[in-house]
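Each remark here refers to the structure printed beneath this line.
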Amino acid sequence: MKIGILALQGDFDKHRLILEQLDLEPSLVRYPSDLNHVSGLIIPGGESTTMTKLMTRGGFYKYITSFANTNPVLGTCAGLIMMSSQAKDKRIKTLGLLDLDVERNACGRQIHSICVPLNVNINGKSQPTEATFIRAPKIVRCGPNVNVLATFNGSPCAVQSGLHLGLSFHPELNGVTIFHEFAFKKSVALKEERIHAA
Amino acid sequence: MSKGSYEVKVGLAEMLKGGVIMDVTDAKQAKIAEDAGAVAVMALERIPADIRVDGGIARMSDPSMIQDIQETVSIPVMAKCRIGHFAEAQILEAIEIDFIDESEVLTPADEANHIWKHSFKVPFVCGCRNLGEALRRIGEGAALIRTKGEAGSGNIVEAVRHMREVQSKIRQLTKMDDDELMAAAKDMGAPFSLVQQVSNLGKLPVPNFAAGGIATPADASLMMQLGAETVFVGSGIFKSEDPASRAQAIVEAVTYYQDANKLLKVSTGLKSAMKGLDISEIPEDQLLQERGW
């Protein structure tokens with residue numbers, strides 16, 4: 001199964017390594033037409049201002065939203081910001097894939113970046129993991145259909161809604177594979193079940 | 001819980017990949033850089049081309065100027081301290097700078113020692129001309145390496161020399177037998193454990209960016225194709241005729257560095273680049289790349 005990684009800017013190479021560990025085939029996405037060849041998309045960490053510029057100039061918005069209607073999308077940090085309804089910052093144009101609002105750099109500058117142990121609820125099971133927050137955003141509003149999988153300092157930091165998974169931290173920096181597995185292997189199983197049921 | 005661990009420092013460097021870090025001297029330039037799509041800005045009072053002309057001692061910038069830039073932009077803000085000047089670095093850490101550049105562009109404060117960077121919570125970037133220098137800096141705690149090039153020259157030749165030097169040495173290490181690595185470490189003056197790590201990984205253990213002389217979108221693409229993971233553009237943007245469009249063109253050139261048609265498009269119709277200097281025009285004692293060891 002081929003998974004696209006939006007490779008306009010950011011730590012897309014770290015995501016590539018995680019996909020390879022899961023036997024998923026990574027494919028870098030630099031043009032909207034690259035989405036035609038993949039069955040899922042990762043929006044990596046990086047700078048959301050830079051991604052907004054490059055996604056706008058590249059004409060990505062409508063292609064990603066229509067791709068996301070039927071395919072899984074995982075966003076980490078800046079990727080979560082891009083997937084949100086709004087970032088309350090006019091420099092950022094979001095995709096609106098997740099019904100939530102975020103505040104950029106809410107955890108402060110780099111000196112406040114941190115790696116912490118975290119418990120995450122995946123498939124009704126609590127699992128311990130490690131989470132690295134780098135100049136991380138904070139989720140400040142969550143819609144009613146958004147499932148909170150983990151919280152940090154009282155705010156949601158891992159959320160899921162339908163085929164879409166958003167994280168304010170970076171599992172790819174810790175070599176953690178459970179989120180990618182959940183986003184792409186589990187959701188595919190779910191999608192196939194649905195097709196089967198219909 | 002670990003704040004300021006080495007992994008967390010390298011983490012920010014990872015986020016800057018595939019981007020452009022731009023030198024800016026005030027909040028207005030910082031805004032132009034952010035609007036063009038820069039992933040970070042380097043706040044400094046004088047860009048390298050001006051430091052070269054003005055002469056005198058180049059020191060850490062006035063903190064108020066750096067704070068002004070921090071308040072203006074949402075992207076990471078970096079600032080430079082002099083080589084070996086850990087007190088300047090402590091001040092930069094106190095104003096919560098996102099990255100410290102222990103830079104040869106400023107006048108060195110210590111001719112024998114660089115800063116012990118592991119004792120800081122904020123990450124450092126350091127310049128190198130070759131693999132040995134890169135690994136010595138990583139040994140001291142640098143979370144990011146940039147090849148030095150020749151800052152303020154507008155001439156890519158030194159950046160190319162340094163990047164080729166680093167990459168070719170890495171390739172050699174990957175082909176060496178285990179029993180050759182100690183001699184290689186001795187020749188390069190590099191920590192043995194890092195030499196072993198590079199030999200196994202086939203790359204530096206931290207991101208490797210390019211700096212010093214990038215003035216055009218084609219220069220940026222060249223450095224990316226030679227193995228840089230991001231570029232620093234110093235004088236190249238704000239010494240050019242139309243900084244905003246040049247900045248935007250260089251941002252696109254880094255993302256699409258392998259796409260000649262895209263490079264053609266972004267390179268077309270740009271106003272003049274900075275004039276630049278032939279390296280032979282620079283007196284040997286004024287070569288910035290010679291600073292640091």
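The table for this structure:
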quantity: Lone qualifier among B:4, B:11, B:19 - being touching a His at 6+ places or on another chain (Cβ under 7 Å), surrounded by 16 or more Cβ atoms within 10 Å (Cβ to Cβ) and at the interface with chain A (Cβ under 8 Å from one of its Cβ atoms); calculated: B:11
quantity: Filtered residues of region A:84-103 (kept if more than 13 Å from every other protein chain (Cβ to nearest Cβ), in contact with an Asp or Glu (Cβ under 8 Å, 6 or more places away or on another chain) and in a loop (DSSP other than H, G, I, E, B)); calculated: A:84, A:85
quantity: When residues of region A:113-126 are limited to those that are more than 7 Å from every other protein chain (Cβ to nearest Cβ) and surrounded by 14 or more Cβ atoms within 10 Å (Cβ to Cβ), the one nearest to residue A:174 (Cα to Cα); calculated: A:118
quantity: Residue ID - nearest to residue A:134 (Cα to Cα), chosen from residues in region B:87-99 that are at the interface with another protein chain (Cβ under 10 Å from one of its Cβ atoms) and within 17 Å of the chain's Cα centre (by Cα); calculated: B:98
quantity: Those strands (runs of 3 or more DSSP E) lying entirely in region A:1-43 with at least 2 residues closer than 19 Å to residue A:168 by Cβ; calculated: A:2-6, A:41-43
quantity: Region B:234-277, subset of a type in the set (Lys, Arg) and buried (at least 16 other Cβ atoms within 10 Å of the Cβ), residue nearest to residue A:47 (Cα to Cα); calculated: B:246
quantity: Close pairs from region A:83-102: first in contact (Cβ under 8 Å) with a residue 24 or more places away in the chain, partner of a type in the set (Val, Ile, Thr) and open to solvent by 60 Å² or more (accessible area, probe 1.4 Å), Cβ under 6 Å, at least 6 apart; calculated: A:101/A:140
quantity: Residue tally, condition at the interface with chain B (Cβ under 10 Å from one of its Cβ atoms) and in contact with a Gly (Cβ under 8 Å, 6 or more places away or on another chain), over region A:53-65; calculated: 2
quantity: Pick from region A:12-28, criterion out of contact with any Phe, Trp or Tyr (no Cβ under 9 Å at 6 or more places or on another chain) and within 14 Å of chain B (Cβ to nearest Cβ), ranking: surrounded by the fewest Cβ atoms within 10 Å (Cβ to Cβ); calculated: A:17
quantity: Residue within region B:258-276 that is within 12 Å of chain A (Cβ to nearest Cβ) and either within 19 Å of residue B:157 (Cβ to Cβ) or acidic (Asp, Glu) (or both) present; calculated: yes
quantity: Test: residue in region B:103-116 that is part of a loop (DSSP other than H, G, I, E, B), surrounded by fewer than 20 Cβ atoms within 10 Å (Cβ to Cβ) and of a type in the set (Phe, Trp, Tyr); calculated: yes
quantity: Residue in region A:2-11 that is within 11 Å of chain B (Cβ to nearest Cβ) and over 14 Å from the mean Cα position of the chain (by Cα) present; calculated: yes
quantity: Lone qualifier among A:136, A:106, A:131 - being modelled with pLDDT under 95 and either part of a loop (DSSP other than H, G, I, E, B) or surrounded by 21 or more Cβ atoms within 10 Å (Cβ to Cβ) (or both); calculated: A:106
quantity: Residue among A:76, A:49 that alone is at pLDDT 95 or above, open to solvent by less than 40 Å² (accessible area, probe 1.4 Å) and within 19 Å of residue A:177 (Cβ to Cβ); calculated: A:76
quantity: Cross-chain or 6+ apart pairs with Cβ under 9 Å, region B:52-66 first and surrounded by 10 or more Cβ atoms within 10 Å (Cβ to Cβ), then in a loop (DSSP other than H, G, I, E, B) and polar (S, T, N, Q); calculated: B:52/B:153; B:58/B:107; B:59/B:107; B:61/B:25; B:65/B:25
quantity: Among residues of region B:143-182, those that are open to solvent by 40 Å² or more (accessible area, probe 1.4 Å) and under 16 Å from residue B:224 (Cβ atoms), counted; calculated: 1
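The values are calculated or read from the model by the stated rules, or taken from the named source; none is laboratory data. Please read all numbers here as calculations on a predicted model, not as lab measurements. Virtual Cβ from ideal backbone geometry, glycine too; neighbours counted across all protein chains shown. Protein only, heavy atoms only, side chains kept; ligands, DNA and RNA dropped before computing areas. Shrake-Rupley method; radii C 1.70, N 1.55, O 1.52, S 1.80 Å.
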